[in-house]
Amino acid sequence: MKKILFLLLGTQLAFSAGAQVAASHADSLLSRWCLDVNVKGGLLSQNFTTINSLGNYPNAVSSNTGDLKFKNGKALGGDIQLGYFFGHKRHFGVGVGFNYTYQTGDVTLNNYHVEFQSTDFQNNIFRQLITANYLTENQIMTNMNIPLVLKYKNRFSKHWGFTADAGALINVQMSNSYKTDASFNYEAVYKFVDIAHTITAYDNAPVASTNDYFITKSNFYKDNSGGNVQAYFDGLHTTGYNVGVNVKPTANSGKVNYTTGSIGLILKPSVNFFLSDKIALDLGLYYSYQSFKNNAVSNYQLTNKVGDYSSVLNSVSKTNAQSYGVNLGVRFFLCNPKDRDHDGVPDKKDLCPDDSGSILLQGCPDTDGDGILDKNDSCPKVKGIAKFFGCPDTDGDGIQDKEDECPLIAGLIQFHGCPDTDGDGIPDKDDECPTVKGFAQFHGCPDTDGDGIPDHEDKCPDVFGVFANHGCPEIKVDTNISTPILFDVNQTTIKESSLPILIKAAQDLKAGKLISIRVDGYTDNTGPLPYNNALSVKRAAAVKAYLISLGVPAKKIVIVGNGPKMPIDTNDTPEGRAKNRRAVMDPKGK
């Protein structure tokens, strides 16, 4: 319960921090007077202080008047309060009203066992034994109070707020109606002091003497195993003895009233949902504590004769009661001021009394909700900032959207709000290579080798070339496409010196001079054979990939990996191995 209370209070602080400005105005516009109607339901607990009634049993021995407990407590009720809030912000106030609670629960008494001196119908002194192993009283309690409370409210927004009541409960009535299912065993022990067994005395020993006359269940079963003990005790009771088994009280219900006028405590934190400025729903928790006194009967005995019964509450001198649970309510704000545009701002404080507006703007409208009055807003339907008289700057680049050619991306003033990511003086929207610094004649793209062909169109961007050969060096001689294409150790990257061979092969294939081509990949003999076989395939695939990049259809190229087979030079020297690391194009096909 404490954790839930702290959670509600923490929620109030969090909302207050986030909506401090709105709340400070909203509460001041509500009526000072309110009427709260609440319904509460929850759990009830009670702790009892009882008188020591054992002394009311004459010469009691081996006795215990039992342990009094309360369980299964429930509470249901409601209250109505009239409240008044004071001060400019109207956060704090006071309240008074009437509270009624209907409560139920069980009062139990365990281990009741008394043995005391008594006199029977023939004026014989004897030892009376009364026992009840477990006794329950079902309690129905009606509790009426006058609450005097301090009130707090804080409206966070148009619909949400927090409220709390804390104060005193002045009790005006506490009535306990009970009904019991109790049953008792009444037994007797007679001590005879004469031979004729006509004169009796009280046996006050902790354990009665075996020479006594026992009218008890245990003694009956000792002599009459399987006999009818009920009939035995009923017969003796009929003749006048104060004995009986499983005896129900002749009056098993009644009422016990506690002393009125006690002062208790009530705490009720809640969240409000405002339906309007006149009505708010209330959902929260409550906790109450009350201490009651009772004029306990000074000579109290739970029972002393067959059929007699006095409620266990008659032995109670003080009760501490606690109740906690859920509160549901409605708050009505009374005598609300005039507000002809119904915007929540009274006419006398409304700068625009005929136009529904914002509380924070003293009743004037702000259509786009940017905090700038429509009459001062150059863009009244789009949320903006004061710097641009209510117009937006979505990308935050210091250029308002209506003058910004790139309103969603932060840019530069000289480019009318558009960015130039690579800083080449060409705005990104006109730059075909916006992340790489380039030249205006190439629409912002670079020409690394300076051959007049931009890199993204240059097949040899790092080597000066000619346009006719896609930016690669001009082929001045009739290149033999069967010339081996060489690779470095353990590499699949084609050496730059072999690129003209591939370019010539691509030209022939695209011109139809060659129908298809086969590419054989090879390695030297260093390394494991499986690895070399895979490497030779990768080298042939690298040649195929480059030819495809030059526009050759993939279906015209077949690749084969040969590993270290068919070397063209010795593998015993570095020079020979360098020649064997190759790929060879065969225009004839195999």
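Taken together, the values in this text are just the output of simple stated rules run on the coordinates, not laboratory data. All values reported here derive from a predicted model rather than from experimental measurement. Here the Cβ is made from the backbone with ideal geometry for all residues, glycine too, and neighbour counts use every protein chain on show.
At R0 = 22 Å, how high is the FRET efficiency between Asn133 and Asp308 if r is their beta carbon distance? Nearest 0.05 is fine. Efficiency, from the Cβ-Cβ distance: 0.75.
Can you give me the distance in nm between label points at Ala201 and Asn224, each placed 7 Å from the Cα along the Cα-to-Cβ direction? In this crude spin-label approximation the distance works out to 3.0 nm.
Whole angstrom only: what separates the Cα centroid of the range 404-423 from the Cα centroid of the range 347-388? Centre-to-centre (Cα) distance: 31 Å. With each label modelled as a point 7 angstrom along the Cα→C-beta vector, the Lys381-Asn124 pair spans 11.0 nm.
From the square roots a ≥ b ≥ c of the eigenvalues of the alpha-carbon gyration tensor of the range 257-392, which class results: rounded (a/c under 1.5), prolate (a/b over b/c), or oblate? The partial results should precede the final answer.
Details: a/c = 5.82, a/b = 4.19, b/c = 1.39.
Taking the square roots of the gyration eigenvalues as a ≥ b ≥ c, the range 257-392 is prolate.
How much of the DSSP beta bridge set in the range 477-586 is antiparallel, as a percent to the nearest 5? Mind dumping the intermediate values first?
Details: 6 of 11 bridges.
The antiparallel fraction comes to roughly 55 percent.
Summary of the geometry: the range 133-176 and the range 477-510, compared by the centres of their Cα atoms, lie 95 Å apart. Residues whose amide H falls under 5 Å from that of Ser317, counting only those 5 or more places apart or on a different chain, are Thr49, Thr50, Ile51, with hydrogens built in the peptide plane. What the Cβ-Cβ distance of Leu267 and Val297 gives, at R0 = 35 Å and to the nearest 0.05, is a FRET efficiency of 0.50.
The alpha-carbon of Lys381 sits under 23 angstrom from the alpha-carbons of these lysines, leaving out residues fewer than 8 places away in its chain: Lys158, Lys402. For Asp451, nonlocal amide neighbours, meaning residues 5 or more places apart or on other chains whose placed amide H falls under 5 Å from its own, are Gly465. Summing Cβ point charges (Lys, Arg +1; Asp, Glu -1) relative to the Cα centre of the range 477-586 gives a dipole of roughly 440 debye.
Counted residue by residue at 0.36 nm each, then reduced by the alpha carbon distance between them, the extension gain from Ala534 to Asn72 reaches 158.1 nm.
Taking 0.36 nm per residue of sequence separation and removing the Cα-Cα distance, the Ser209/Phe439 pair yields an extension gain of 70.4 nm.
Here the 3J(HN,Hα) profile of the range 360-371, calculated from phi with Karplus coefficients 6.51, -1.76 and 1.60 at θ = phi - 60°, is 5, 9, 6, x, 8, x, 9, 4, 8, x, 9, x Hz, Gly and Pro shown as x. Cβ-to-Cβ counts within 10 Å put Ser378, Ser177, Ser225, Ser209 in ascending order as Ser225, Ser209, Ser378, Ser177, the fewest first. Against the main long axis of the alpha-carbon atoms of the chain, helix 529-549 sits at an angle near 70°. Between 0 and 90 degrees, the angle of helix 229-238 with respect to the longest Cα principal axis of the chain falls at about 40 degrees. Under the shape rule built on the C-alpha gyration tensor, where the axes satisfy a ≥ b ≥ c, the range 68-208 is prolate, since a/c reaches at least 1.5 and a/b is greater than b/c.
Once backbone amide H atoms are built at 1.01 Å from N, Tyr112 has Ala132 as its partners under 5 Å, excluding neighbours fewer than 5 places away on the same chain. Checking every one of the trypsin sites (Lys or Arg not before Pro) in the range 210-318 against DSSP loop status and a limit of 11 other Cβ atoms within 10 Å picks out no site at all.
Projecting each Cα onto the charge dipole of the chain (Lys/Arg +1, Asp/Glu -1 at the beta carbon, about the Cα centre), which of Pro446, Leu334, Ser498 comes out farthest on the positive side? Of the listed residues, the answer is Leu334. What the phi angles of the range 36-42 give under the Karplus curve with 6.51, -1.76 and 1.60, with θ = phi - 60°, is a coupling list of 9, 10, 10, 10, 10, x, x Hz, glycine and proline written as x.
Its Cα centre serving as origin, the range 298-429 has a Cβ charge dipole (Lys and Arg +1, Asp and Glu -1) of approximately 1860 debye.
Counted over the range 477-586 with a bin width of 5 Å, the fraction of Cα pairs per bin, in whole percents, is 2, 14, 25, 25, 17, 11, 6, 2, 0. Maximal additional length on extending the His88-Thr259 stretch stands at 57.3 nm, based on 0.36 nm per residue less the C-alpha distance. Go through Ser218, Ser358, Tyr57 and say which Cα lies farthest out towards the positive end of the charge dipole of the chain; charges sit on Cβ, +1 for Lys and Arg, -1 for Asp and Glu. Positive-end residue among those listed: Ser218. Relative to the longest principal axis of the Cα atoms of the chain, helix 2-18 runs at roughly 40 degrees. Applying the Karplus relation 6.51 cos²θ - 1.76 cosθ + 1.60 with θ = phi - 60° to the range 56-67 yields 3J(HN,Hα) values of 7, 9, x, 6, 5, 9, 6, 10, 8, 7, x, 10 Hz, where x marks Gly and Pro. Of the cross-linked pairs Lys71/Lys153; Lys429/Lys556; Lys437/Lys556; Lys217/Lys318; Lys69/Lys151; Lys437/Lys459, those separated by over 29 Å at the C-alpha level are Lys71/Lys153; Lys429/Lys556; Lys437/Lys556; Lys217/Lys318; Lys69/Lys151. Taking a ≥ b ≥ c as the square roots of the Cα gyration tensor eigenvalues, with a/c under 1.5 meaning rounded and otherwise prolate when a/b beats b/c, else oblate, which class fits the chain? Oblate is the answer for the chain, as a/c is 1.5 or above yet b/c matches or exceeds a/b.
Based on other C-beta atoms within 10 Å, arrange Arg90, Arg331 from fewest to most.
On the way: Arg90 19, Arg331 23.
With the sparsest Cβ surroundings first, the list reads Arg90, Arg331.
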